[in-house]
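Participant: The structure's right below; bear with me while I get my questions together.
The values are calculated or read from the model by the stated rules, or taken from the named source; none is laboratory data. What you are looking at is a predicted structure, and each value in this text was computed from that prediction instead of being measured. As a convention, Cβ positions derive from the backbone with ideal geometry for all residues, glycine included, and neighbour counts pool all protein chains shown. These accessible areas exclude ligands, DNA and RNA; they are computed on the full protein's heavy atoms, side chains included. Shrake-Rupley method; radii C 1.70, N 1.55, O 1.52, S 1.80 Å.
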Amino acid sequence: MIARLLALAVVAALALVAPASAAEAPPWQTRVFARVGAPGFPAYVHVAPNGRVYAATYTNPMGDKIASRVFEWTASGTLLRSWTVPGQDLGKPHGVQVATSDARGRLVLLEKSRSRVLTLNTRTGRFKVQATLPALARGGKPIPNYATWGPGGALFVSDYGQDVIWRIPAAGGTPRPWFRSKKLAGAAGFGTTGLVYDAARRSFLVTQQTTTDPLDLLRGHLYRVPVRADGSAGKLATVWTSGPLDLPDGFGIARSGNVYVALLGTNQIVKLGPDGRVLSRFPRAPLAGSNGSPVPFDSPSNATFLGTRLLVANQSAILGTTSHHAILAVETGERGAPLVVPRTARLR
């Protein structure tokens, strides 16, 4: 009995002096997960079901003629390999986002210059064009921005340039408008960004950077769009309204239902409760992006869960600071909701 008590005392003492594990790191502690090489400007991070981490390079605001690249890292941030994206129109603004994975393990890519949805087989290095988003009447240039698998294994895609959410049928096919609304029209080109399907509530969460409503021009929103029994879209509802020029971008959902939204305009992350109530902002002061790491937030463009950490693509979309092109890991203290890839989630 005495020996057992001594052993417990030793364990307790060691626990007091042992360094905290990654899971015990204080909330909002930020580290550099990986640097992103040329051509830079990462805009989204995808954590695949195989545990690998992927990001691609997006648009250089000053313009360039360098083809976009897709990078692959381990879960600890070690760079493994990369691929050059073929077939882009390098005379136009161009960039790629790694949106999700399909049931075959291929990456689903969204390509800006030609408004295309691609897949990348990481075993063979083969790229395949799956769909091209068309321009709509009273629409602008189609810009596929985020994608998520939804009911029936269909792929749903947000459009940064047009007021529409697209639906591409399971096993591939022609993209069709699934939901259109003037509330998805952005001012000065700052349109619809993040898109995640919430299966538990049979609805989509959508982030919008700005609207064209003169009374609401500079504010962004987190919307919810329910899915009716027949698969059509229900009435859009506002979950949260941002401050002026926050420019909400991609977001991650925790198992608790809390939503973490990257604010590209003010260089912050906002934590929302399931009801849209603001729980906290990090950092508290806007614009400077001072997060305690060697790389400040500079146009943070997404928030993807890897365990209890958010992986944030630091795009530096306005300043174009090369040293800020990085993936940052931000501790939240809670686990993210798992990525769901339906068995029917595959294109051609």
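Participant: Tell me, what % of the accessible area of the range 129-276 is carbon and sulfur with a 1.4 angstrom probe? Don't skip to the answer; put the middle values down first.
Facilitator: Details: 3120 of 5480 Å².
Answer for the range 129-276: carbon and sulfur cover 57 percent of the accessible area.
Participant: Given H placed 1.01 Å from N in the peptide plane, which residues other than close sequence neighbours of A131 have an amide H under 5 Å from its amide H?
Facilitator: Answer set, sorted by chain and number: V117.
Participant: Can you tell me the orientation of helix 2-17 relative to the chain, as the angle in degrees between its alpha-carbon axis and the longest Cα principal axis, to the nearest 10?
Facilitator: Tilt relative to the chain: about 50 degrees.
Participant: So, one more: Calculate the spin-label point distance for L279 paired with R176, positioning each point 7 Å from the Cα along the beta-carbon direction, and give it in nanometres.
Facilitator: Here the answer is 3.8 nm between the modelled labels.
Participant: Describe numerically, in nm with one decimal, the distance between label points set 7 Å from Cα along Cα→Cβ at E334 and at N50.
Facilitator: 3.2
Participant: Could you give me the ³J(HN,Hα) list for the range 70-75, computed from phi with Karplus coefficients 6.51, -1.76, 1.60 and θ = phi - 60°, whole Hz, x at Gly and Pro?
Facilitator: Once θ is set to phi - 60°, the couplings for the range 70-75 become 10, 10, 10, 10, 6, 5 Hz.
Participant: Can I ask one more? Which order, highest average first, do 265-272, 102-109, 208-215 follow once you tally other Cβ atoms within 10 Å for each residue and take the mean per peptide?
Facilitator: Values: 265-272: 23.2, 102-109: 20.2, 208-215: 17.9.
Answer by packing, highest mean first, reads 265-272, 102-109, 208-215.
Participant: Past 31 Å, Cα to Cα: identify those pairs from K92/K235; K128/K182; K92/K182; K128/K271; K112/K182, in the order given. Mind dumping the intermediate values first?
Facilitator: Numbers: K92/K235 36 Å; K128/K182 33 Å; K92/K182 27 Å; K128/K271 37 Å; K112/K182 22 Å.
Check vs 31 Å cut-off fails for K92/K235; K128/K182; K128/K271.
Participant: Sticking with this one: Calculate, axis by axis, the spread of Cα positions in the range 191-348 along the three principal axes, and write the results as whole Å, longest axis first.
Facilitator: Each principal axis gives a Cα extent; for the range 191-348 these are 49, 40, 35 Å.
Participant: So for the pair L79, E24, with labels modelled 7 Å out along Cα→Cβ, what separation do we get in nm?
Facilitator: Calculated label separation equals 3.4 nm.
Participant: Amide H to amide H under 5 Å from V239: which residues, 5+ apart in sequence or cross-chain, H placed 1.01 Å off N in plane?
Facilitator: When sequence neighbours closer than 5 places are left aside, the close amide H contacts are L222, Y223, R224.
Participant: Still on this model: What FRET efficiency do you get for D216 and L319 if R0 is 25 Å and r is their Cβ-Cβ distance, rounded to the nearest 0.05?
Facilitator: Numbers: r = 27 Å, r/R0 = 1.09.
Here the calculated transfer efficiency is 0.35.
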